[in-house]
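See below for the structure under consideration.
The values are calculated or read from the model by the stated rules, or taken from the named source; none is laboratory data. Keep in mind that what you see is a predicted model, and the values were worked out from it rather than measured. For neighbour counting, all protein chains shown are included, and Cβ atoms are generated from backbone atoms with ideal geometry for every residue, glycine included. Calculation scope for accessible area: heavy atoms of the full protein, side chains included, ligands and nucleic acids excluded. Shrake-Rupley method; radii C 1.70, N 1.55, O 1.52, S 1.80 Å.
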Amino acid sequence: KVKEKMGATNHHHRWQLALKTLGETATTTEKNIRWQTGRTGKITPVLEIEPVLLSGAWLSNVTAHNAGTVKNLQLGTGAEIEVIRSGEVIPKLLNVIKPAKGGVITTCPSCPDEVTWQNDFILCTNPDCSARTSTSLFYWFKTLKTADGFGPKTIEVLVENGKVSLEDVYALKSEDFEKMGFGEKQSLNLENALKSSLGTETEDARFLAAFGILHLGVGESRKLLSHYRLETLKDLTVEELSNIKGFGQKTSPSIVAGLKKRWSSIEHILGLGFVLQRTLTIKEKEDLVASLDHDLVGKKVLFTGKMESGSRSDMQEQARGLGIDVKGGYSKSLDYLVIGGDVGSGNSKYDKAPKDNITILSETDYLKMIE
């Protein structure tokens, strides 16, 4: 009777309640705030704290999210704070028990330029800031994933030696690396890694996203390149981009401005001879779907877990080439959930799929269907 009285919405029964426990927390003291400048100029604060054992791990750093948090909560040396590991993994500031005198920096920690405020964030607007340059170069190699050896420490040495652009880096030879202090063997490996990144087939959407243009990640790049070829983006207008589903009035001007700003670099790097796997245009995809006859053509598919026949990203790219609509996240509109051997009961996607009428396929069953 109580259930009937309370009724239901389109989403859930009103009598259904879920009790979520907060998880283990700990109290500690802030030692210092470390400010970090990212590739877009956004400067984020990291709290250095007295080490504390929480959920089986020692924590010594906790993110403070943004400058507004530091200012509003009066974070600073000596502040007493409560922390938690969000999802039993990510160290997170939960509460400020005792505020302290602190403050937000007024100049970039990596260059002498003054910071500017944008909502709750502070930014460095100096395009030649060494931190912005370093993180931009590292973002390229991290996103592209085709050149080993170009980690933060290597990038730092390059920037210190005036190699601040992708054009500079891709022009380097082993002897140039040796002059910067790298060993003979490492220098040769770095030169070969650059050559390898040119010759390794790379999805054009990943290539475009690696330039680090704000609001233009791999997924957005893929969507954009299904409407316009990479070489034509120089002349893309805000109106044209806004007309593509998924690009709003707020992000479109920023993306178009970012493309124009980075275009000379994009054109130069493209001219080095990268081997690109082209995103199918909508028309090409329609023609492909019409020409294929396997059961997954046009179906919405999500891959999850560790695959045996190849990396998950490789399988996703292969699936797109077979006319499959590969999704990046779970939703009730999925047709199939393809699971790796390490996925089973207890995995949220695996448990939800049957309730949402989504067919679960093992990797073996999936491969049989695309044959």
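Exactly one of these conditions fails for Ile255: (1) in contact with a His (Cβ under 9 Å, 6 or more places away or on another chain); (2) outside any helix (DSSP H, G or I). Give me its number.
Just one mismatch for Ile255, condition (2).
I'd like the full set of residues that are surrounded by fewer than 16 Cβ atoms within 10 Å (Cβ to Cβ) and charged (D, E, K, R), limited to the stretch 192-222.
Residues satisfying the conditions are Lys195, Glu201.
Within the set of pairs 6 or more residues apart or between chains, which connect a residue that is farther than 28 Å from Ile360 by Cβ inside the stretch 281-304 to a residue that is surrounded by fewer than 15 Cβ atoms within 10 Å (Cβ to Cβ) with Cβ atoms less than 8 Å apart?
Correct list of pairs: Thr281/Arg229.
Which count do you get for residues in the stretch 117-135 that are outside any strand (DSSP E or B) and open to solvent by 70 Å² or more (accessible area, probe 1.4 Å)?
Summing the residues that are outside any strand (DSSP E or B) and open to solvent by 70 Å² or more (accessible area, probe 1.4 Å) in the stretch 117-135 gives 5.
May I ask you to list the residues in the stretch 72-100 that are farther than 14 Å from Val62 by Cα and either open to solvent by 40 Å² or more (accessible area, probe 1.4 Å) or part of a strand (DSSP E or B) (or both)?
Once the filter is applied, which keeps residues that are farther than 14 Å from Val62 by Cα and either open to solvent by 40 Å² or more (accessible area, probe 1.4 Å) or part of a strand (DSSP E or B) (or both), the stretch 72-100 yields Asn72, Leu73, Gln74, Gly87, Ile97, Lys98, Pro99.
Identify, by number, the condition in (1) modelled with pLDDT of 90 or more; (2) β-branched (Val, Ile, Thr); (3) outside any strand (DSSP E or B); (4) over 30 Å from Arg132 (Cβ atoms) that Ile105 doesn't meet.
(4)
Output the residues belonging to the stretch 164-197 that are in contact (Cβ under 8 Å) with a residue 12 or more places away in the chain and not in a helix (DSSP H, G or I).
Matches in the stretch 164-197: Val164, Ser165, Leu172, Lys173, Met180, Gly181, Phe182.
Conditions tested, residue by residue: (1) in contact with a His (Cβ under 9 Å, 6 or more places away or on another chain); (2) within 16 Å of Ser265 (Cα to Cα); (3) at pLDDT 95 or above; (4) not polar (S, T, N, Q).
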| residue | (1), (2), (3), (4) |
| --- | --- |
| Pro112 | no, no, no, yes |
| Thr125 | no, no, no, no |
| Ser130 | no, no, no, no |
| Gly151 | no, no, no, yes |
| Val164 | no, yes, no, yes |
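With the requirement that a residue be open to solvent by 40 Å² or more (accessible area, probe 1.4 Å), part of a helix (DSSP H, G or I) and either among the charged types (D, E, K, R) or more than 25 Å from Leu288 (Cα to Cα) (or both), what does the stretch 333-371 give you?
Ser348, Lys349, Tyr350, Asp351, Lys352, Pro354, Lys355, Asp365, Lys368
Let me spell it out: the conditions are (1) farther than 18 Å from Val104 by Cα; (2) modelled with pLDDT of 90 or more; (3) touching a Phe, Trp or Tyr at 6+ places or on another chain (Cβ under 7 Å), and Lys42 meets all of them except one. Which number is the exception?
Lys42 satisfies all of (1) farther than 18 Å from Val104 by Cα; (2) modelled with pLDDT of 90 or more; (3) touching a Phe, Trp or Tyr at 6+ places or on another chain (Cβ under 7 Å) except (1).
Can you tell me which residue in the stretch 311-332 is most open to solvent (accessible area, probe 1.4 Å), limited to those that are over 21 Å from Ser226 (Cα atoms) and not in a helix (DSSP H, G or I)?
Among those that are over 21 Å from Ser226 (Cα atoms) and not in a helix (DSSP H, G or I), it is Lys332.
Name the residues in the stretch 138-191 that are open to solvent by 70 Å² or more (accessible area, probe 1.4 Å), out of contact with any Lys or Arg (no Cβ under 9 Å at 6 or more places or on another chain) and of a type in the set (Lys, Arg), would you?
Selection gives Lys142, Lys153, Lys173, Lys179, Lys185.
Looking only at the stretch 230-273, filter to residues that are more than 22 Å from Ser165 (Cβ to Cβ) and among the polar types (S, T, N, Q); which one of those is least open to solvent (accessible area, probe 1.4 Å)?
Per the stated criteria, the residue is Ser252.
For the stretch 279-322, what are the residues that are small (Gly, Ala, Ser) and more than 25 Å from the chain's Cα centre (by Cα)?
Across the stretch 279-322, the qualifying residues are Ala290, Ser291, Gly298.
Listed residues Ile370, Ile324; which is of a type in the set (A, V, I, L, M) and in contact with a His (Cβ under 6 Å, 6 or more places away or on another chain)?
Ile370
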